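Take a look at the structure below.
The values are calculated or read from the model by the stated rules, or taken from the named source; none is laboratory data. This is a predicted model, so every value here is computed, not measured. Don't worry about glycine lacking a Cβ; one is built from the backbone with ideal geometry, like all the others, and counts go over all protein chains shown. Note: accessible area is taken over every heavy atom of the protein model, side chains too, but ligands, DNA and RNA are not part of it. Shrake-Rupley method; radii C 1.70, N 1.55, O 1.52, S 1.80 Å.
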Amino acid sequence: MALSYLNASYSVFAYAVNRYAGISVCPPLPPAISIELSSICNLACPECLTGTGLTRRRNPFMSFDLAENIASQLRGHVLSAWLSFQGEPMMHPDFFRIAGLFEGMNPVVSTNGHWFDRESCIRLAGSPLKKIIISYDGVTPEAYGIYRRGGDHTLVSEGIRRLAEVIRDTGSELKIVLQFLVHRGNEHETNAAATFARSVGAGFRVKTMQVLDHTRAGEWAPSGKGMSRYYMGDDGAWHHLRSPARGCMRMWTSAVITTDGDVVPCCYDKNGRHVMGNLEEQSFREIWRGERYRSFRRMVMKDRNPVDICSCCSQGRQLFGRS
């Protein structure tokens, strides 16, 4: 664990030297990693790439062997392993086996919460997972279903209560966080959702919404101040709030691996437009320190505006709130 903290510290240092002194320093292996266990989902959320069927992957699930390979290569370096990206991770048939591979790396998972039968709750409570983030976008089926299309609000609510009960009964250290994706149709239930979270001993956070086409942001934008990633300009059209023009610490401290083994620079590269390499062909270290990644970091450091995935990035802006 001491090596992981040292690795994280040096990663931040490498970014600062590049950002503020203009000295090119290749970072060590990243202290944070996101691993896409599944590229498919049981829901059809209208502003989600996967929910709308637009995700392009060869494999619906990451193979156990690939996950084992990733864990082996990054053990001792990673401080935080996120076992989710585009799809629903708990649909993976080997979800619990893979979660076990990342013991000691503070694994976290984000889920839509439809998989909490009693057996799964017991296994979650006894797993090495440190945190489970559950999408909970309303206290009524009507508000919840506006975005979580195909979801079962009652099933999710009962599952959250069941998981919280098992955690209490077993003395598990697993932390539950309910995540409220705020939009025009559910913002009136934000406080009630926070109350529900407190009633089960869960954390709560409000997340601003990303849409697939920013010109339609007005269909979803809530009225609450600071609760949107978009604004209406003087031209009457909706635009992204601007992020810093240059630099991004994520390029030095984290990476994403898809179900196909592609390494992409961050979670905003949802469809792999900027693949840095593939783990079937190279080691992670070779990809991370390779010329393609170095060139991409230099480009982002110089000017983010021409980089397509940076146009909707929330880097440097508030993404989460609390109620």
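Hey, can you tell me all the residues within region 134-151 that are open to solvent by 50 Å² or more (accessible area, probe 1.4 Å) and of a type in the set (Asp, Glu)? GLU142 - this is the single residue of region 134-151 that is open to solvent by 50 Å² or more (accessible area, probe 1.4 Å) and of a type in the set (Asp, Glu). Suppose the filter is more than 24 Å from the chain's Cα centre (by Cα) and surrounded by fewer than 18 Cβ atoms within 10 Å (Cβ to Cβ); does ALA44 pass it? Considered against the rule, which asks whether it is more than 24 Å from the chain's Cα centre (by Cα) and surrounded by fewer than 18 Cβ atoms within 10 Å (Cβ to Cβ), ALA44 comes out as no.
Are there any pairs, at least 6 apart or on different chains, whose C-beta atoms fall under 8 Å, with the first in region 301-314 and surrounded by fewer than 16 Cβ atoms within 10 Å (Cβ to Cβ) and the second part of a helix (DSSP H, G or I), and if so, which? Between residues of region 301-314 that are surrounded by fewer than 16 Cβ atoms within 10 Å (Cβ to Cβ) and residues that are part of a helix (DSSP H, G or I), the close pairs are PRO306/MET299. Annotation note: Cβ proximity below 6 Å between a residue of region 249-269 that is farther than 16 Å from LEU74 by Cα and a residue that is among the hydroxyl-bearing types (Ser, Thr, Tyr) and not in a strand (DSSP E or B) (sequence gap 6+ or interchain) occurs for MET249/TYR15; THR259/SER39.
Residues of region 51-67 that are within 18 Å of the chain's Cα centre (by Cα), open to solvent by 50 Å² or more (accessible area, probe 1.4 Å) and under 22 Å from LEU101 (Cβ atoms): PRO60, PHE61. Taken over region 8-33, the residue count meeting the criterion of being touching a residue at least 40 places away in the same chain (Cβ under 8 Å), among the small types (Gly, Ala, Ser) and farther than 20 Å from PRO107 by Cβ is 2.
If the condition is being in a loop (DSSP other than H, G, I, E, B) and of a type in the set (Val, Ile, Thr), then region 1-60 contributes ILE23, VAL25, ILE40, THR50, THR52, THR55. Looking at the structure I just gave you, is ARG198 in a helix (DSSP H, G or I), in contact with a strand residue (DSSP E or B) (Cβ under 9 Å, 6 or more places away or on another chain), at pLDDT 95 or above and farther than 29 Å from PRO46 by Cβ? When the stated conditions are applied, ARG198 passes them. Selection within region 175-209: residues that are open to solvent by 30 Å² or more (accessible area, probe 1.4 Å) and touching a Ser or Thr at 6+ places or on another chain (Cβ under 8 Å). The member of this set that is farthest from GLY113 (Cα to Cα) is ARG184. Candidates are the residues of region 68-83 that are of a type outside the set (D, E, K, R) and surrounded by fewer than 20 Cβ atoms within 10 Å (Cβ to Cβ); the one that is nearest to SER254 (Cα to Cα) is LEU79. Close contacts from region 204-216, counting a first residue that is on the phi > 0 side of the Ramachandran plot and at pLDDT 90 or above and a second that is in a helix (DSSP H, G or I) and among the aromatic types (Phe, Trp, Tyr), with Cβ to Cβ under 6 Å and a gap of 6+ residues or different chains, come to none at all. Taken over region 210-236, the criterion of being over 30 Å from ILE33 (Cα atoms), open to solvent by 60 Å² or more (accessible area, probe 1.4 Å) and outside any loop (DSSP other than H, G, I, E, B) is satisfied by THR215, ARG216, GLU219, TYR231, MET232. For region 110-133, taking the residues that are within 20 Å of GLN86 (Cα to Cα) and hydroxyl-bearing (Ser, Thr, Tyr), the one that is least open to solvent (accessible area, probe 1.4 Å) is identified as THR111.
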